[in-house]
1. Looking at (1) outside any loop (DSSP other than H, G, I, E, B); (2) within 26 Å of residue 37 (Cβ to Cβ), can you tell me which one residue 246 breaks?
2. I need the full set of residues from segment 19-75 which are over 23 Å from the mean Cα position of the chain (by Cα) and basic (Lys, Arg), in order please.
3. Does residue 334 satisfy being more than 20 Å from residue 199 (Cβ to Cβ), in contact with a strand residue (DSSP E or B) (Cβ under 9 Å, 6 or more places away or on another chain) and not β-branched (Val, Ile, Thr)?
4. Six or more apart or on different chains, Cβ under 7 Å: which pairs go from a residue in segment 250-267 that's farther than 16 Å from residue 204 by Cα to one that's of a type in the set (S, T, N, Q) and part of a loop (DSSP other than H, G, I, E, B)? Could you list them?
5. Please find, among 246, 208, 267, the residue that is hydroxyl-bearing (Ser, Thr, Tyr), within 16 Å of the ligand (Cβ to nearest atom) and touching a Lys or Arg at 6+ places or on another chain (Cβ under 6 Å).
6. What residue, among those in segment 309-318 that are loosely packed, with under 13 Cβ neighbours inside 10 Å and of a type in the set (A, V, I, L, M, F, W, C), is farthest from residue 215 (Cα to Cα)?
7. Which ones in segment 179-204 are assigned to a strand (DSSP E or B) and touching a Phe, Trp or Tyr at 6+ places or on another chain (Cβ under 8 Å)?
8. What number of residues in segment 175-222 are under 19 Å from residue 29 (Cα atoms) and among the small types (Gly, Ala, Ser)?
Amino acid sequence: EQKNDHFLSRALRSYKSMKKRILLGITGSIAAYKTPELIRKLKQQNYEVRVVLTQGGKAFVAPLTLQAVSQHKIYESLMDVESEAAMGHIDLARWPDCILIAPASAHIIAKLAHGFADELLSALCLASAHARFIIAPAMNQAMWSNSATQDNVNKLKERAYLFLGPGKGSQACGDVGLGRMLEPVEIVDALSKVFIKPYLQGQKILITAGPTQEFIDPVRYLSNRSSGKMGFALAQAAIEAGAEVTLICGPVALTPPSKLKFIAVKTASEMLRAVQSEINQHSIFISSAAVADYQIINPAPQKIKKSTMDLVLQLKPTVDILATISQMNLKPRPLLVGFAAETEYTLKFAEEKRRSKNIDLMVVNDVSQANIGFDSDENEVTILSADIPLHLACASKQLIAQQLLHVIAQRILAVKSATQEIIYD
Ligand code: PMT
């Protein structure tokens with residue numbers, strides 16, 4: 001009991017209590033084929049998802065597919081919703097924090113605007129007293145621009161319905177114009193702005209990501225398998241939580257999130273210089289980069305010629321960036337968070353690194369496992385601190401990033417006050 005009461009598990013509890021319930025309505029549009037991906041992305045972001053599929057939607061996406069990705073029964077008609085009081089649709093209408101209709105056809109928009117309740121989805125919308133309504137339209141461009149549809153859209157906007165899109169482009173019917181459903185990633189980004197509380201507002205976070213490259217000659221280098229995904233997920237989650245973010249990144253193939261300061265570097269020395277020049281402006285430093293531990297003593301100025309002789313490379317240790325920042329005696333001292341990539345004795349070695357570098361939190365991942373760590377979409381970590389270790393079960397790097405940032409926010413508050421706790425809801 002006492003063990004559960006330390007700040008790491010408190011942070012995780014409050015994170016879990018934040019889980020938002022989304023009722024996804026899928027109506028008849030070719031864009032319905034994107035909904036399994038939308039559900040997958042919503043679940044990655046910690047949303048609880050239930051699906052209502054209209055007869056039109058069913059023509060474009062199979063209920064079994066949706067059931068497999070959502071891991072819940074799919075509701076198709078009023079009779080599907082079981083309830084002891086035989087008022088299942090009313091119970092279901094009370095369940096969500098948000099009713100998201102994606103894709104939303106011209107027909108469902110018209111029905112909502114006029115209060116129809118002739119099938120499950122429109123009945124739920126009419127019966128829902130507190131859910132936020134979010135609509136991602138998808139239809140032919142002429143149907144969208146028709147004044148009947150536009151009148152209906154305006155009616156719904158007056159009732160505080162939030163419209164996401166439609167986007168512009170070529171359509172399945174061959175037309176070009178406004179009417180495409182936004183991509184699942186755009187819908188999920190927009191939702192997070194509606195739901196995630198800016199609990200890191202006022203915090204400036206410096207994050208390093210990706211590998212470094214240590215040059216042997218002008219065309220060859222030593223590096224590692226870091227893709228930058230973990231660091232990018234942290235940067236995105238920090239922005240969503242209201243922080244100002246600077247991302248210092250080694251060479252990766254990812255597009256940086258918008259709304260942050262991005263500094264591209266190649267070598268460990270360049271990363272060190274960038275971190276040193278930025279650290280004063282930041283309250284939190286998360287070092288998720290896989291910085292090379294060694295660099296070539298004398299990189300060759302020209303390409304080394306191939307020969308039949310063995311080639312010996314002389315290496316020297318790079319400067320440890322995290323340890324250097326920790327020793328800088330900064331006032332105020334930023335919260336320092338490291339990542340430890342281990343293949344054996346993971347907790348023991350990571351704790352030794354945390355102590356020797358004198359940092360607040362060390363996040364350890366076992367990189368000997370193929371499905372997590374380097375270059376994978378998922379991770380499983382344990383957060384080490386002066387407190388009891390906290391294990392975060394295997395999940396998308398986005399979800400791991402969100403949980404870690406909650407722990408960081410909780411930690412900042414725990415330092416400010418021994419009793420204060422973040423109230424997210
Ligand atoms: O990029 P991905 O493909 O998504 O993979 C994510 C990851 C596996 C790279 C990430 O989760 C991770 O573990 N990052 C840290 C990798 C690492 O360098 O671990 P380490 O145990 O060698 O270093 C410990 C800490 O010291 C790290 O915070 C590291 O950034 C820092 N360090 C290391 C060497 C050095 N010269 N300077 C440093 O600051």
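1. (2)
2. 58, 73
3. Working: more than 20 Å from residue 199 (Cβ to Cβ): no; in contact with a strand residue (DSSP E or B) (Cβ under 9 Å, 6 or more places away or on another chain): yes; not β-branched (Val, Ile, Thr): yes.
No: the conditions fail for residue 334.
4. Pairs found: 250/212; 250/213; 251/213; 252/227; 266/212; 266/213; 267/212; 267/213.
5. On the way: 208 fails: touching a Lys or Arg at 6+ places or on another chain (Cβ under 6 Å); 267 fails: touching a Lys or Arg at 6+ places or on another chain (Cβ under 6 Å).
Result: 246 is the single residue among 246, 208, 267 that is hydroxyl-bearing (Ser, Thr, Tyr), within 16 Å of the ligand (Cβ to nearest atom) and touching a Lys or Arg at 6+ places or on another chain (Cβ under 6 Å).
6. That would be 309.
7. If the condition is that a residue be assigned to a strand (DSSP E or B) and touching a Phe, Trp or Tyr at 6+ places or on another chain (Cβ under 8 Å), then 179 is the only one that fits.
8. Counting residues in segment 175-222 that are under 19 Å from residue 29 (Cα atoms) and among the small types (Gly, Ala, Ser) gives 2.
The values are calculated or read from the model by the stated rules, or taken from the named source; none is laboratory data. Predicted model only: the values in this text are computed from it and were never measured. So basically every Cβ, Gly included, is an ideal-geometry build from the backbone, and we count neighbours across all protein chains shown.
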